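One structure is given below, encoded as structure tokens.
The values are calculated or read from the model by the stated rules, or taken from the named source; none is laboratory data. Just so we're clear, the structure is a prediction, and the values are computed from it rather than from any experiment. As a convention, Cβ positions derive from the backbone with ideal geometry for all residues, glycine included, and neighbour counts pool all protein chains shown.
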Amino acid sequence: MSDDLHHTPLHDMHVSHGAKMVPFAGYSMPVQYALGVKKEHEHTRHACGLFDVSHMGQLTVSGPSPARAIETLVPADIVGLPAGMQRYALFTSHEGGLLDDLMIVNRGEDLYVVVNAACKDQDVAHLRTGLDAEHQVEVLDRALLALQGPQAKDVMVRLCPEACDLVFMHHGQFEALGTSLWISRSGYTGEDGFEISVPVDAAERLATWLLEQPEVEPIGLGARDSLRLEAGLCLYGHDLDTQTTPAEASLIWAVGKPRRIGGEREGGFPGADVILPQIETKQITRKRVGLLGEGRAPVREGTSLYDTADRHVGQVTSGSFGPTLGKPVAMAYVDVELAVVDTTLYADVRGKRLPMHVTRMPFVPANYYRG
Amino acid sequence: MSHIPANLRYTDSHEWVLDNNDGTVTIGITDHAQESLGDVVFVELPDTGRQLDAGEEFGVIESVKAASDLYLPLSGEVVAVNESLEDSPEAVNDHPYEDGWIIKLKLAEPDALEALLDATAYDALVSAEEG
């Protein structure tokens with residue numbers, strides 16, 4: 001079958017493992033393997049799942065002061081990020097909206113940045129336009145694998161024992177299987193685990209080795225979505241977009257203290273004049289919340305939400321059936337006065353009003369390794 | 001390759017129909033349909049006693065991936081629904097032709113069954129889709 005989709009270095013391996021391939025962000029990606037979404041989800045929560053996330057953009061920002069340079073585009077505290085650590089960040093627009101979410105690693109000599117597949121061309125252009133001439137953006141041709149779940153460390157100890165000393169959101173460069181691996185203790189499932197950047201020519205060797213381990217099953221994008229949703233993690237383009245500010249997205253924590261009003265490096269990023277006052281005054285009309293349903297019917301993206309007086313009060317931005325919770329689970333934007341834990345809202349599903357309860361996220365407790 | 005029992009009738013929207021030989025039929029979704037849907041997490045069933053026309057939506061199957069409407073291939077009255085699916089929707093995946101049945105219908109026109117696909121014709125349809 002011919003298509004215009006990009007392939008990751010592991011494409012043939014996915015197919016040989018019985019993956020169902022679907023178009024995603026311009027790539028042909030595995031949505032599920034033979035196990036199916038539900039069992040893949042459960043396997044990741046109980047053992048260890050391997051995800052190919054090579055479609056994501058990997059880049060470096062280098063120059064005399066990359067942390068200061070990138071702070072002109074993100075409200076995170078990157079100057080204060082110690083070498084060997086990773087931090088979540090947002091690209092903001094001049095209107096205060098969100099252009100993408102990303103991870104930034106301080107590697108000492110440069111920054112290593114991972115961005116969403118669907119946004120990567122736009123992000124690279126944004127960086128190249130936004131950074132001063134002394135800083136360079138290099139797009140890396142590497143594969144990216146995520147090894148996630150409570151047994152990920154048992155696998156890593158056989159692959160690269162030194163990497164097991166990393167704690168959550170720490171990063172290092174290691175040698176294993178005759179290649180250089182850049183490993184972060186992080187992921188998108190709420191579980192302990194590692195994200196492993198590997199040269200393209202060694203990607204299949206690494207993935208093959210990992211899949212030979214008894215704990216490991218390959219996991220597709222379907223389970224990746226239900227896992228991140230239960231972990232309360234946002235998906236750009238669904239829960240975050242250009243019309244949404246950090247305060248509305250409940251991502252105030254992604255705006256570093258030194259970058260806020262009265263901080264030592266206050267503002268200095270696009271949209272600061274909108275974003276920072278909102279954090280101080282809490283003057284927003286809608287806010288992202290987690291919702292848990294009662295029955296089994298999934299409440300999907302786009303579903304309208306109503307209050308007890310039948311007023312339209314919000315909309316679901318991500319929703320599915322949470323296999324670990326055994327309940328419908330969703331994220332939504334709702335009127336800020338209803339964004340209170342235990343508030344009951346009603347989702348309109350095919351004309352029926354299904355009760356959903358505003359719930360603190362993560363829905364499933366995070367299982368990160370903090371040392 | 002999906003399983004297609006020879007004794008059933010089929011629709012091009014991947015429902016199967018079993019003639020109970022008493023003026024009623026049992027309806028479910030095929031093995032091929034459950035495979036492409038993935039793990040079923042919820043089945044919305046119609047009320048018994050409802051009169052439905054051929055082509056009408058009679059329920060919804062939700063998998064972890066998506067919602068999929070169920071279309072009635074024949075007109076009639078819903079005389080039973082598989083209530084065990086409320087607690088065990090995975091039966092649609094595990095045993096699509098047995099425990100995973102969805103409704104029983106009393107046919108308005110018993111002859112209408114003849115217009116549905118037989119196993120050979122349905123097999124050809126599935127092969128074309130999978131091809």
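Output yes when any residue across segment A:286-298 is within 12 Å of chain B (Cβ to nearest Cβ), in a strand (DSSP E or B) and among the hydrophobic types (A, V, I, L, M, F, W, C), and no when none is. No, every residue in segment A:286-298 fails to be within 12 Å of chain B (Cβ to nearest Cβ), in a strand (DSSP E or B) and among the hydrophobic types (A, V, I, L, M, F, W, C).
Of the listed requirements (1) touching a residue at least 24 places away in the same chain (Cβ under 8 Å); (2) hydrophobic (A, V, I, L, M, F, W, C); (3) touching a Leu at 6+ places or on another chain (Cβ under 8 Å), A:I275 misses just one: (3). Checking the condition under 12 Å from the mean Cα position of the chain (by Cα) and either surrounded by 15 or more Cβ atoms within 10 Å (Cβ to Cβ) or away from chain A (no Cβ under 12 Å) (or both), which residue from B:A33, B:A91 passes? After applying the criteria, what remains is B:A33.
Do we find that A:E40 is within 14 Å of another protein chain (Cβ to nearest Cβ) and over 22 Å from A:H6 (Cβ atoms) in this structure?
Numbers: within 14 Å of another protein chain (Cβ to nearest Cβ): yes; over 22 Å from A:H6 (Cβ atoms): yes.
Yes: the conditions hold for A:E40.
Scan segment A:305-340 for residues that are small (G, A, S) and either within 14 Å of chain B (Cβ to nearest Cβ) or under 25 Å from the mean Cα position of the chain (by Cα) (or both) and jot them down. So that I can check it myself, show each step before the final result.
Here is the first cut: in segment A:305-340, the residues small (G, A, S) are A:309, A:314, A:318-320, A:322, A:326, A:330, A:332, A:339.
Selection gives A:G314, A:S318, A:G319, A:S320, A:G322, A:G326, A:A330, A:A332, A:A339.
Residues checked against (1) under 22 Å from A:C234 (Cβ atoms); (2) in contact with a Lys or Arg (Cβ under 7 Å, 6 or more places away or on another chain); (3) part of a helix (DSSP H, G or I); (4) touching a residue at least 24 places away in the same chain (Cβ under 8 Å):
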{"position": "A:H126", "(1), (2), (3), (4)": "yes, no, yes, yes"}
{"position": "A:T129", "(1), (2), (3), (4)": "no, no, yes, no"}
{"position": "A:A133", "(1), (2), (3), (4)": "no, no, no, no"}
{"position": "A:K153", "(1), (2), (3), (4)": "no, no, yes, yes"}
{"position": "A:R158", "(1), (2), (3), (4)": "no, no, yes, yes"}
{"position": "A:A163", "(1), (2), (3), (4)": "no, no, yes, yes"}
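For segment B:80-98, a residue qualifies if it is touching a Leu at 6+ places or on another chain (Cβ under 9 Å), of a type outside the set (S, T, N, Q) and part of a loop (DSSP other than H, G, I, E, B), and exactly one does: B:Y97. Please specify each residue of segment B:44-79 satisfying the condition of being more than 14 Å from chain A (Cβ to nearest Cβ), outside any strand (DSSP E or B) and β-branched (V, I, T). Listed by number, the list holds a single entry, B:T48. When segment A:328-354 is filtered for residues that are buried (at least 16 other Cβ atoms within 10 Å of the Cβ) and at pLDDT below 95, only A:V349 remains. Quick check: is even one residue across segment B:98-112 within 19 Å of B:H14 (Cβ to Cβ), loosely packed, with under 15 Cβ neighbours inside 10 Å and away from chain A (no Cβ under 13 Å)? Among the residues of segment B:98-112, at least one is within 19 Å of B:H14 (Cβ to Cβ), loosely packed, with under 15 Cβ neighbours inside 10 Å and away from chain A (no Cβ under 13 Å), which makes the answer yes.
Rundown of residues vs (1) buried (at least 18 other Cβ atoms within 10 Å of the Cβ); (2) without any contact (Cβ under 8 Å) to a residue 24 or more places away in the chain; (3) in contact with a helix residue (DSSP H, G or I) (Cβ under 8 Å, 6 or more places away or on another chain), yes/no style:
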residue: B:V17; (1), (2), (3): yes, no, yes
residue: B:D22; (1), (2), (3): no, yes, no
residue: B:G28; (1), (2), (3): yes, no, yes
residue: B:G59; (1), (2), (3): yes, no, no
